[in-house]
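Asks: For reference, the structure I am asking about is given below.
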Amino acid sequence: GENVEQHPSTLSVQEGDSAVIKCTYSDSASNYFPWYKQELGKRPQLIIDIRSNVGEKKDQRIAVTLNKTAKHFSLHITETQPEDSAVYFCAAPYNTDKLIFGTGTRLQVFP
Amino acid sequence: GAVVSQHPSRVICKSGTSVKIECRSLDFQATTMFWYRQFPKKSLMLMATSNEGSKATYEQGVEKDKFLINHASLTLSTLTVTSAHPEDSSFYICSARDYRRYEQYFGPGTRLTVT
């Protein structure tokens, strides 16, 4: 089955700095990789995703990169702001429909 | 678009009673819905996959007779926690997948407390 590992578990950055979160997956058939942001007590929100036919995708301050050969993908947040503070989860699909989530990264952005 | 609602948001029940949680896709049809459980400061643990019109598929270690799932329509799935015990207290979140797309969208979650 799919196994998703996520690092780091916690990340503290100064406002304006960049933050990078990395995930690895095991199933070479996986073809869709979403990232979710979850604020305390709230639902996970899909913030960006990437399909296996591209290597990078950007949306304003957020970007995701994918290396299929190495089976890893990363979330990059530039010019971080305090409101970026949250828990971020990566995920990879298993058996077409199911998503297996990483263990999460708690990001703290200090003003 | 892609709005998923979940009801109730919070519920407190006594040990031995059953609780039903509803998950609805409001503006799209969801042939597949998923039920997760999340412990404090932990990741999302998939409990079961709910397919419209068929039996749910449960993950290993999840008791299907305890967590009853029904997906009677393309916009509604329900999770019933039967004979609840304090160890069932948790944050339960559903997600729904638009049958035309890859993305999954989450409901706001239900915090269950069993006393």
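The values are calculated or read from the model by the stated rules, or taken from the named source; none is laboratory data. All values reported here derive from a predicted model rather than from experimental measurement. So basically every Cβ, Gly included, is an ideal-geometry build from the backbone, and we count neighbours across all protein chains shown. To get the accessible areas, we keep the full protein, side chains included, count just its heavy atoms, and leave off ligands, DNA and RNA. Shrake-Rupley method; radii C 1.70, N 1.55, O 1.52, S 1.80 Å.
Asks: Report the residue count in the range A:77-89 for those that are buried (at least 17 other Cβ atoms within 10 Å of the Cβ) and either more than 9 Å from chain B (Cβ to nearest Cβ) or without any contact (Cβ under 8 Å) to a residue 40 or more places away in the chain (or both).
Replies: Taking the range A:77-89 as the starting set, the residues that turn out to be buried (at least 17 other Cβ atoms within 10 Å of the Cβ) are A:77, A:80, A:84-89.
With either more than 9 Å from chain B (Cβ to nearest Cβ) or without any contact (Cβ under 8 Å) to a residue 40 or more places away in the chain (or both) added as a condition, the list becomes A:77, A:80, A:84-86, A:88.
Total satisfying the criteria: 6.
Asks: Another one. Considering only the range B:56-89, state which residues are surrounded by fewer than 21 Cβ atoms within 10 Å (Cβ to Cβ), in contact (Cβ under 8 Å) with a residue 40 or more places away in the chain and either hydroxyl-bearing (Ser, Thr, Tyr) or not in a loop (DSSP other than H, G, I, E, B) (or both).
Replies: Residues of the range B:56-89 surrounded by fewer than 21 Cβ atoms within 10 Å (Cβ to Cβ): B:57-68, B:70, B:72-76, B:78, B:80, B:82-83, B:85-89.
Filter again for in contact (Cβ under 8 Å) with a residue 40 or more places away in the chain, leaving B:74-76, B:78, B:80, B:82-83, B:85-86.
B:75, B:76, B:78, B:80, B:82, B:83, B:86 - these are the residues of the range B:56-89 that are surrounded by fewer than 21 Cβ atoms within 10 Å (Cβ to Cβ), in contact (Cβ under 8 Å) with a residue 40 or more places away in the chain and either hydroxyl-bearing (Ser, Thr, Tyr) or not in a loop (DSSP other than H, G, I, E, B) (or both).
Asks: Let me ask something else. Any residue in the range A:90-104 that is among the basic types (Lys, Arg) and within 13 Å of chain B (Cβ to nearest Cβ)? Working first, answer last.
Replies: Kept after step one, since they are among the basic types (Lys, Arg), are these residues of the range A:90-104: A:98.
Now drop any that are not within 13 Å of chain B (Cβ to nearest Cβ), which leaves A:98.
Yes, some residue in the range A:90-104 is among the basic types (Lys, Arg) and within 13 Å of chain B (Cβ to nearest Cβ).
Asks: Let me ask something else about it. Restricting to the range A:21-51, name every residue that is crowded, with 16+ Cβ neighbours inside 10 Å and away from chain B (no Cβ under 13 Å).
Replies: Selection gives A:21, A:22, A:24, A:25, A:27.
Asks: Among the residues that make up the range A:52-67, is at least one of them open to solvent by 60 Å² or more (accessible area, probe 1.4 Å), in contact (Cβ under 8 Å) with a residue 24 or more places away in the chain and part of a loop (DSSP other than H, G, I, E, B)?
Replies: No.
Asks: Give me a count of the residues in the range B:22-55 that are in contact with a Ser or Thr (Cβ under 7 Å, 6 or more places away or on another chain), assigned to a strand (DSSP E or B), farther than 19 Å from residue A:101 by Cα and within 14 Å of chain A (Cβ to nearest Cβ).
Replies: Of the residues in the range B:22-55, 5 are in contact with a Ser or Thr (Cβ under 7 Å, 6 or more places away or on another chain), assigned to a strand (DSSP E or B), farther than 19 Å from residue A:101 by Cα and within 14 Å of chain A (Cβ to nearest Cβ).
Asks: Return the total of residues in the range B:56-70 being within 10 Å of another protein chain (Cβ to nearest Cβ) and among the hydroxyl-bearing types (Ser, Thr, Tyr). Spell out how you get there, then give the answer.
Replies: Step one: of the range B:56-70, the residues within 10 Å of another protein chain (Cβ to nearest Cβ) are B:57, B:59-60.
Right, trim to among the hydroxyl-bearing types (Ser, Thr, Tyr) and you get B:57.
Qualifying residue count, the range B:56-70: 1.
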